[in-house]
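Read-outs: derived from the displayed coordinates by stated rules, not from any lab. Note that the coordinates shown come from a computational prediction; the quantities given were computed from them, not determined experimentally. Quick reminder, even Gly has a Cβ in these numbers, built from the backbone with ideal geometry, and neighbours come from all protein chains shown.
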Amino acid sequence: MQQNVPSNQARLNIQISPELKRKLAKVSAMEGKKISVLVRERIEENLKQIEQKVLEEKMRQAYLDLAQKNLDVSEDFKYVD
């Protein structure tokens with residue numbers, strides 16, 4: 001039996017341990033949110049953190065590359081005066 005899924009969402013089936021399911025059910029009741037909402041929010045948070053780390057690493061590498069180019073240029077002009 002397949003339930004209708006809104007067109008802007010995709011269904012994802014996962015398997016978790018019974019203990020994890022119990023913990024999720026407890027948090028779900030405490031926060032008044034469906035388990036699927038809790039899982040979706042956490043996945044979104046984790047993906048944002050991963051994307052942020054990737055961006056920071058790209059920026060760090062770009063800074064190091066630029067610093068090296070600046071050193072190379074300054075070395076080229078070392079004896080100009």
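Miscellaneous remarks
- Lys pairs under 25 Å by Cα in the chain, provided they are eight or more residues apart or on distinct chains: 13
- The chain: angle of helix 18-31 to the longest principal axis, Cα-based, in degrees nearest 10: 90 degrees
- On a per residue basis, the convex hull of the C-alpha atoms belonging to region 18-76 measures out at 84 Å³.
- Neighbour counts of other Cβ atoms within 10 Å put Glu41, Glu75 in the fewest-to-most order Glu75, Glu41.
- Think of the chain as a dipole: +1 on every Lys or Arg Cβ, -1 on every Asp or Glu Cβ, centred on the Cα centre; then among Leu71, Gln9, Met30, Met30 lies furthest on the positive end.
- Per-residue [θ]222 nm for the chain (sum of -39500 (n - 2.57) over DSSP H runs n ≥ 4, rounded to 500): -25000 deg cm²/dmol
- Under a model in which nothing but the beta-carbon of Lys, Arg (+1) and Asp, Glu (-1) is charged, the chain shows a dipole of about 1020 debye around its Cα centre.
- Stretch gain in nm, segment Gln52-Val5, where the contour uses 0.36 nm per residue and the Cα spacing is subtracted: 13.9 nm
- Label-to-label distance, Val39 versus Asn13, with points set 7 angstrom from Cα along the beta-carbon direction: 1.1 nm.
- Computed from the Cβ-Cβ distance with R0 of 35 Å, the FRET efficiency linking Met59 to Ser28 stands at 0.40.
- Under Karplus coefficients 6.51, -1.76 and 1.60, residue-wise ³J(HN,Hα) of region 53-66 in Hz, glycine/proline x: 4, 4, 4, 4, 5, 5, 5, 4, 5, 5, 4, 5, 4, 5
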